[in-house]
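Accompanying notes for the structure given below.
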């Protein structure tokens with residue numbers, strides 16, 4: 001299947017490793033030009049080297065959770081490539097913790113990194129997409145928006161809030177040719193999951209998850225918006 005992303009420009013945040021890198025790689029292999037960012041410069045440069053084997057890459061050391069970072073990243077992408085077609089919003093998850101044990105400060109930090117960061121990216125990206133008459137936005141969240149994960153109270157709360165916001169925004173944007181969807185991973189073979197020993201169950205391949213994201217950002221997915229796609233090995237038990 002031709003995903004129709006060749007020559008498109010994609011920004012993928014928190015993309016030096018894990019699911020962010022897998023998403024950037026899947027888009028790169030389909031011919032999209034990619035802009036990646038991460039806080040750790042060494043890992044970012046290693047990711048750039050991997051992606052450069054497939055496409056043009058702009059790697060920007062930055063912390064996407066800083067309030068001004070989305071504007072910086074999108075400005076840099078447009079300056080380099082002249083356009084912005086795809087945004088894949090990703091950010092590292094907050095630490096584990098039980099619901100009654102987390103502090104106000106921890107909850108505020110989780111909301112900033114796993115809700116507000118994506119909202120800021122969408123706000124900054126939409127004017128460029130409007131000018132082009134099309135755009136694809138995919139927010140990487142978690143299967144916890146369908147079924148909360150024990151000991152991940154911070155992630156459960158922030159990501160569910162993002163889901164509600166995104167469903168509303170998708171309705172506002174669709175008539176302008178801009179789609180907004182959520183990719184919701186369960187357990188995958190990533191460094192973050194390896195660091196949480198209490199989480200048990202089968203682990204998915206990040207490369208497969210990345211291909212799901214690439215499809216959600218594709219031309220054939222132009223009528224798909226406001227959707228949440230679970231990639232969790234049938235772990236969530238709800239019917240909707």
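The values are calculated or read from the model by the stated rules, or taken from the named source; none is laboratory data. None of these values were measured; they are calculated from a predicted model. Here the Cβ is made from the backbone with ideal geometry for all residues, glycine too, and neighbour counts use every protein chain on show.
Worth pointing out:
- Selection count where residues are within 20 Å of residue 27 (Cα to Cα) and touching a helix residue (DSSP H, G or I) at 6+ places or on another chain (Cβ under 6 Å), scope segment 79-98: 6
One line per residue, one yes/no per condition, for (1) surrounded by 15 or more Cβ atoms within 10 Å (Cβ to Cβ); (2) modelled with pLDDT of 95 or more; (3) touching a helix residue (DSSP H, G or I) at 6+ places or on another chain (Cβ under 9 Å):
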{"site": "5", "(1), (2), (3)": "yes, yes, yes"}
{"site": "32", "(1), (2), (3)": "yes, yes, yes"}
{"site": "44", "(1), (2), (3)": "yes, yes, no"}
{"site": "60", "(1), (2), (3)": "yes, yes, yes"}
{"site": "67", "(1), (2), (3)": "no, yes, yes"}
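- Within segment 16-28, being within 14 Å of residue 86 (Cα to Cα) and in contact with a helix residue (DSSP H, G or I) (Cβ under 8 Å, 6 or more places away or on another chain) holds for 23, 24, 25, 26, 27, 28.
Every residue, every condition in (1) under 14 Å from the mean Cα position of the chain (by Cα); (2) closer than 24 Å to residue 116 by Cβ; (3) in contact (Cβ under 8 Å) with a residue 12 or more places away in the chain, yes or no:
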| position | (1), (2), (3) |
| --- | --- |
| 21 | yes, yes, yes |
| 35 | yes, yes, yes |
| 53 | no, no, no |
| 56 | no, no, yes |
| 92 | yes, yes, yes |
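- Residue check, residue 152 under 21 Å from residue 92 (Cα atoms), more than 17 Å from the chain's Cα centre (by Cα), touching a residue at least 12 places away in the same chain (Cβ under 8 Å) and surrounded by 15 or more Cβ atoms within 10 Å (Cβ to Cβ): yes
- Residues that are modelled with pLDDT of 95 or more, in contact with a strand residue (DSSP E or B) (Cβ under 9 Å, 6 or more places away or on another chain) and crowded, with 16+ Cβ neighbours inside 10 Å do not occur anywhere in segment 93-106.
- Enumeration of residues in segment 71-86 that are surrounded by 19 or more Cβ atoms within 10 Å (Cβ to Cβ) and farther than 19 Å from residue 134 by Cα: 73
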